[in-house]
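Written out below as structure tokens is the structure these notes cover.
Coordinate-derived values only; no laboratory data. In this text the structure is predicted, and so the values were computed from the model without any measurement. All Cβ positions, even for glycine, are placed from backbone atoms using ideal geometry, and neighbour counts span all protein chains on display.
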Amino acid sequence: MTQSEAEVRSQKVEQLRLAGIEPYPSESYQRSHTTQQVRELFSQPGKELNNGETDPEALDLRVCGRITSKRDSGSIIFIDMKDATDRIQLKIEKKLVKGEPGLAFKQIEKLLDVGDFIGAEGIGCRTNRGELSIQVRELKLLSKATIPFPDAYYGVNAPETCRRHREMDLAGNPESFNRFVLRSRIVQSIRSYLGDAGFYEIETPVLQAIYGGAAARPFITHHNALDVDLYLRIATELFLKRAVCGGFERVFELGRVFRNEGVDSTHNPEFTSLEVYQAYADYFDILEVVEDVICFAAAAVFGDKKEIEYQEQLISLERQYDYSEKHPGFGGKHWQVKTMVEAVKDETKLDFDVLELSEAIAAAEELGLHLSSLEKQSFGYVLYAVFDRLVVSNLIQPTFIIDFPVEVSPLAKGHRSKPGFVERFELFIAGTEYSNGFSELNDPKEQRKRFEEQLAQKNAGDEEAHPMDEDFIEALSLGMPNCAGMGIGVDRLVMLLTNTQSIRDVVMFPTMRPIKDGSNP
């Protein structure tokens, strides 16, 4: 019977130990350079090496990383080694490499495999074929891989495997590794921008007695010591606004939220949300913060580039519209801004400024919409249904839709001049929502009324209606200054800036259906 590669590798572990070599040593390995730094070093003027030349200064180099390929050629072994920054070739000549305390040539030849982590010491050189390399004089094993490593050329191709075993995906697919490097850079840029703009990052409870801040079904858990059911937060909004009630003027939280909903290309049950609140501001002020955060994050990925590709569409991040005449106090250049009524009229020719409820219902159904009994209850629900189903998918370039119906916005402040509407916006790019924000409702009596309306919807069967939150109403009663807030789905933003189709490919370890009895999911 032919032995599996895993069995062969396991035997090598024992052979190493019999030879007095620990395959998983405890001591640290102090490298002098990353592979990228080695490449930069020998690209400097006066440091370039000609083909077949070694570093005349014999600078001592200590590098470490993972073997991605290994080629034996008689008395020379070539190893491609990769760390988190780049890859470099190791040239190991039998006559030059020494054994103790490192590996002997035969041990390198017979006992090392692709996937093993190693440390190498030597000097820079360039092979006769022009490949920048390190001429190794000592090589140490840092960790032995005991299962086959992803193919160096093809990597891991199956999306299911990549998502369930992200470590294989990262190790075998450079583009995936780079995507998560960019994700980290995007998250860092968001924190950097907000910190520089005077916002304080605070942390709110993940376990909550009353969930709120969004329309969604929660996950339920149980606290044994207190013998109470608790909910995983669906948003951070209400606690952040309570901090504003307490005196903070600019706050944000960037962290995980949890919603008991389906999984598709833009939804994962746990995801990363950014929420930002600014006192003494309205929805136009916080809209500008959304633009700034996204443009700052895009600059971390693309530099000064203003046009990006997403799903075979060119998206312009250039802010080119001036709305100072239409919306006083909203000066400067911005992305496109439309009221929901304007957006619906532009796409369907229906003018909700002049329609009565019965006319709106009939017009919507003529467009092919089958409205639910809930949607038929009010003008605002009909407007939102037409917008959501017929307009959203056509909003390709960055567009802020402002002035939402009050029925779908229980936490937003009533519009200063449009009865039945609130001062709320959502940002859409490529037919997907990326941000939600509004002038925050700070009248405790009105907030109670909104909660009661939501509670009626909940009792009527709407599982996503907002629950009553007496603690939040009490906080508003203490007093909250006029305030604006916004949220951004960070995972969706990473998808946009890395041109990725599925949210499960930008979440390091996404929620997956369990595999039962070893069968395929």
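Table for the structure above
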| quantity | calculated |
| --- | --- |
| Span-rule helices in the chain, defined as complete DSSP H runs reaching 18 Å or more along the axis (Cα) with Kyte mean at least -0.5 | 174-196, 283-302 |
| Under Karplus coefficients 6.51, -1.76 and 1.60, residue-wise ³J(HN,Hα) of the stretch 54-65 in Hz, glycine/proline x | 9, 4, x, 8, 6, 5, 6, 10, 10, 10, 8, x |
| Local electrostatic count at ALA120 - Lys and Arg +1, Asp and Glu -1, tallied over other residues with Cβ under 14 Å | +3 |
| Gyration tensor verdict on the stretch 323-481 (Cα atoms; rounded if a/c is under 1.5, prolate if a/b is larger than b/c, oblate otherwise) | oblate |
| Tail fraction, Cα-Cα pairs, the stretch 179-298, threshold 26 Å, whole percent | 28 percent |
| Packing-based ranking, highest mean first, of 241-248, 139-146 given that Cβ atoms within 10 Å are counted | 139-146, 241-248 |
| Positive-end residue of ILE92, SER133, LEU49, charge dipole of the stretch 5-149 with Cβ unit charges | ILE92 |
| Label-point gap, in nm, between HIS223 and ASP443 - each point 7 angstrom along Cα→Cβ | 3.4 nm |
| Of the chymotrypsin sites (Phe, Trp or Tyr not before Pro) in the stretch 50-157, those whose Cβ has at most 16 other Cβ within 10 Å and which sit in DSSP loop | TYR153, TYR154 |
| Within-14-Å neighbourhood charge of GLU307 [Cβ basis; K, R +1; D, E -1] | -1 |
| Cα shape, the stretch 278-352, gyration tensor, a/c 1.5 rule | oblate |
| Antiparallel content of DSSP bridges confined to the chain, in %, to 5 | 90 percent |
| Anisotropy class of the stretch 242-369 from Cα gyration tensor, a/c 1.5 cut | rounded |
| Summed side-chain charge close to LEU427 - residues other than LEU427 whose Cβ falls under 9 Å, Lys, Arg +1, Asp, Glu -1 | -3 |
| Cα-centre dipole for the stretch 5-149 with unit charges at Cβ (Lys and Arg positive, Asp and Glu negative), debye to 20 | 240 debye |
| Proximal lysines relative to LYS376, as straight alpha-carbon distance under 19 Å, when same-chain residues fewer than 8 apart are discounted | LYS458 |
| Dipole-positive endmost among GLY195, ALA120, PHE239 within the chain (Cβ charges, Cα centre) | ALA120 |
| Too-long pairs where the Cα-Cα distance tops 32 Å, listed order kept, from LYS306/LYS418; LYS306/LYS326; LYS12/LYS94; LYS345/LYS413; LYS349/LYS413; LYS306/LYS345 | LYS306/LYS418 |
| Exposure proxy order (Cβ contacts within 10 Å, fewest to most) of TYR211, TYR434, TYR321 | TYR321, TYR434, TYR211 |
| Cβ-placed point charges (K, R +1; D, E -1), dipole of the stretch 172-265 about Cα centre in debye, nearest 20 | 180 debye |
| Dipole of the chain [Lys/Arg +1, Asp/Glu -1 at C-beta], most positive-end residue of GLN37, VAL251, PHE302 | GLN37 |
| HN-Hα J in Hz across the stretch 319-329 - Karplus 6.51, -1.76, 1.60, θ = phi - 60°, x for Gly and Pro | 8, 10, 10, 10, 10, 5, 6, 6, 10, x, x |
| Cβ crowding within 10 Å averaged over residues, with 249-259, 347-357 ranked highest first | 249-259, 347-357 |
| Rg [Å, one decimal], Dmax [Å, integer] - the stretch 5-149, C-alpha atoms | 14.9, 49 |
| Segments 325-331, 107-113 sorted - mean Cβ within 10 Å per residue, highest first | 107-113, 325-331 |
| Net charge dipole size for the chain [Lys, Arg +1 and Asp, Glu -1 on Cβ; Debye, nearest 20] | 2200 debye |
| In order through the stretch 505-512: 3J(HN,Hα) via Karplus (6.51 cos²θ - 1.76 cosθ + 1.60), integer Hz, x for Gly, Pro | 9, 10, 8, 4, 10, x, 6, 10 |
| Label assignment, Kirkwood radius over Cα pairs in Å derived from the structure, set (i) 26.2; (ii) 29.2; (iii) 27.1 | (iii) |
